[in-house]
Structure formats: structure tokens, C-alpha cells
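Trainee: Here's a structure for you.
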Amino acid sequence: MILRSARLGIAATLAVCGLADLTIAGTSAKAGPAARGASLPLAGKVVGIDPGHNGRNYTDPGYIDHLIWNGREEEACDTTGTETAGGYTEAQFNFNVAEYLAGDLRAEGATVVLTRTTNDGVGPCVTQRSELINRAHANVAIDIHADGGPANGRGFAVLEPVADGPNDRVIGASKAFGRVLLARYHELTGMPLSNYDGTGGISYRDNLAGLNLTTVPKVLIECGNMRNSTDAALLVRPSFQRLAARAFAQAITSYLS
Ligand SMILES: [Zn+2]
């Protein structure tokens, strides 16, 4: 594994929001900091959010293309991601949804760990993203992406881990979270299940570091197909991005409750 700590320091900032700024009406004078926020549904929970790619990955192919070990085979450190025909990037979409989601989760009392906190950086590698979330002992985590599928293919897919050693203990939990996530996202956004990836909106993947190396319950969601004009028209809308985040927050709260 190749760690480039200078980059990690910039791009992979561990963003943690504590509960110190949350106050609940009616908290008694005896209640200490630990009691504040205890009635929020995600109090005491840690959620990992990995917005795929990064807005300036294209500027440093030497770094982005270098090979890492994803637990089963070699894989590029990261990729640039896809974009719509109109040039709206997947990296931007992923980042926007992640930001909305982080806000929703913090409002419910969660501690949020983001693998990147801007869309103006390079990386980090997919292995480092996994490590950040593992080290935080997240209760659940989500990798946010949008696909670059065939132009005539529509819909979203939930990508789930396949047991390979490091992730053995979280396969069942990831499946359970994936089921909730699929239902909430479909219901709230109206995005159809993918007609080209997986079966019934679920795809099992053993070639992604984010899923191979996870030691916390985690799935990756391809929120739609950016290369399909119908999906793309939805994905670029701030209102859709907001709704997608809301669906993720509801699924996470439901799974953790
Ligand atoms: Zn992607």
C-alpha cells in the first residue's frame, strides 16, 4: 500500500462533528455534555460518507493511475469518474449529495466521517478512503457514485461486498443496509432500478477496494446513469441531489435504529 501523507493531510481530512454544539430543550441542569443530544436518533453513532473521485483528479494522472492493492487484485488509486453529456461531473454530484447527507445526519446527532471535504482536490486513493472509515469504527458507511453506463441504460444500483477476508464480518450487515437503502432511494427519488447493472438493483462486486477492504457495514450506490439523458437531467438538479441525500439519511437512521 502506498501512503502519501502530504496528500492525505489535504484531501482526506477527517471531518468530525461532535455533539458539543447541540442543545436539547428540557435538558435538566444535572445533564452533562454526554446527555446533550441523547434523544436524537443518531446520537452516539458514527457514519462514514465517501463521495467518489475528486474534482481535480484529472490534473494528476501519475498519482491517480498508480496501482494499489484492493484486497484481491491491483486497482488504480482512483479515477476521474464520469460526467454527463453536458459536462456535469460525477465528482461534483457525489460531493454535493455527500454534503447534504452530512448535514442531515449531523442534525440527527451523528458523528460524520467524510473521505474528502472539498471538490477541488486530488484523491485520496480508494484504499485510504476505506482506511479512514474503518479507523473511525463507523456504524455504517456509504460510497456515493453515479455511473457512466450505456447511453440507453437507466437507473440506479446498490453495489455490495463479497466476502474476501477483511470484510467477512460485515457481509450480512451490508446486505441488510443495502436492502433498506435501495427501497428508500427508489421510493423517495423515483429513480428506477438499473436495467443494465445487477439484478433487481443489486450488484455484488469483488473488485473494489471500498467494498473489499471495509471492516464496517458499507455499500456503494450508483445513483443513476450520467450517460443516459433522462437520468442525467435528474442527477444534475440540486433538488434531486437534496432528495437523494434525504433518502440516504432516512435509510441510515432506519438501519441504525
Ligand atoms: Zn464513480
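The values are calculated or read from the model by the stated rules, or taken from the named source; none is laboratory data. On a predicted model such as this, the values are computed, not experimentally measured, just so you know. Ideal geometry is used to build each Cβ from the backbone, glycine not excepted, and the neighbour counts take in all protein chains shown. When the accessible area is computed, the model is the full protein with side chains, heavy atoms only, and any ligands, DNA or RNA have been set aside. Shrake-Rupley method; radii C 1.70, N 1.55, O 1.52, S 1.80 Å.
Trainee: Which residues does a label at residue 229 reach in the range 148-180, if reach means a backbone N under 12 Å from a point 7 Å past the Cα toward the Cβ?
Mentor: Once the point is set 7 Å along Cα→Cβ of residue 229, 152 turn out to lie under 12 Å by backbone N, inside the range 148-180.
Trainee: Shifting gears a bit: Counting only protein heavy atoms, what percent of the accessible surface of the chain is carbon or sulfur at a 1.4 Å probe?
Mentor: Working: 5830 of 10790 Å².
Exposed carbon and sulfur together represent 54 percent of the surface.
Trainee: Tell me, what is the per residue accessible area of the chain in Å², probe radius 1.4 Å? Could the numbers behind the result be given before it?
Mentor: Working: 10790 Å² over 257 residues.
Per-residue accessible area for the chain comes out at 42 Å².
Trainee: Under a plain spin-label model, where a point goes 7 Å from the Cα along Cα-to-Cβ, how far apart in nm are residue 257 and residue 88?
Mentor: Going from the residue 257 label point to the residue 88 one covers 3.1 nm.
Trainee: Right, something else. Measure nothing but the geometry: give the 0 to 90° angle between the long axis through the Cα atoms of 238-256 and the longest principal axis through the Cα atoms of the chain, rounded to 10°.
Mentor: 60
Trainee: For the chain, what is the mean residue ellipticity at 222 nm derived from helices alone (per DSSP H run of n ≥ 4: -39500 (n - 2.57); sum divided by total residues; nearest 500 deg cm²/dmol)?
Mentor: Values: 8 runs with 88 residues, N = 257.
That comes out to -10500 deg cm²/dmol.
Trainee: Next question, about the same structure. Take residue 74 and residue 175, extend 7 Å from each Cα along the Cα→Cβ direction, and tell me the distance between the two endpoints in nm.
Mentor: 3.4
Trainee: Would you please put 244-252, 47-55 in order of how densely packed they are, using the mean number of other Cβ atoms within 10 angstrom per residue and starting with the highest? Don't skip to the answer; put the middle values down first.
Mentor: Working: 244-252: 23.6, 47-55: 26.0.
Peptide ranking by packing, descending: 47-55, 244-252.
Trainee: Ranked from highest to lowest mean number of other Cβ atoms within 10 Å per residue, what is the order of the peptides 64-71, 114-121? Show your work: numbers first, answer last.
Mentor: Working: 64-71: 16.8, 114-121: 20.4.
Put in order of decreasing packing, that is 114-121, 64-71.
Trainee: While we're on this one: What distance in nm lies between label points placed 7 Å from Cα along the C-beta direction at residue 195 and residue 107?
Mentor: Label-label distance for residue 195 and residue 107, simple model: 3.5 nm.
Trainee: Please state the shape class of the range 113-179: rounded when a/c is under 1.5, otherwise prolate if a/b exceeds b/c and oblate if not, all from the C-alpha gyration tensor.
Mentor: Numbers: a/c = 2.04, a/b = 1.09, b/c = 1.87.
In terms of gyration-tensor shape, oblate.
Trainee: Please report the relative contact order for the range 179-257, taking Cα pairs under 8 Å with a sequence separation of at least 6, and give it as a percent rounded to a whole number. Display every interim value, and only then the final one.
Mentor: Working: 51 pairs, mean separation 32.1, N = 79.
Result for the range 179-257 is 41 percent.
Trainee: Per residue of the range 131-148, what does 6.51 cos²θ - 1.76 cosθ + 1.60 with θ = phi - 60° give for ³J(HN,Hα)? Whole Hz please, x for Gly and Pro, Karplus curve as stated.
Mentor: 4, 4, 6, 4, 5, 7, 6, 4, 6, 6, 8, 9, 9, 9, 9, 9, 8, x
Trainee: List the residues whose amide H sits under 5 Å from the amide H of residue 162, counting only those 5 or more places along or on another chain, with H placed 1.01 Å from N in the peptide plane.
Mentor: For residue 162, the qualifying residues are 205.
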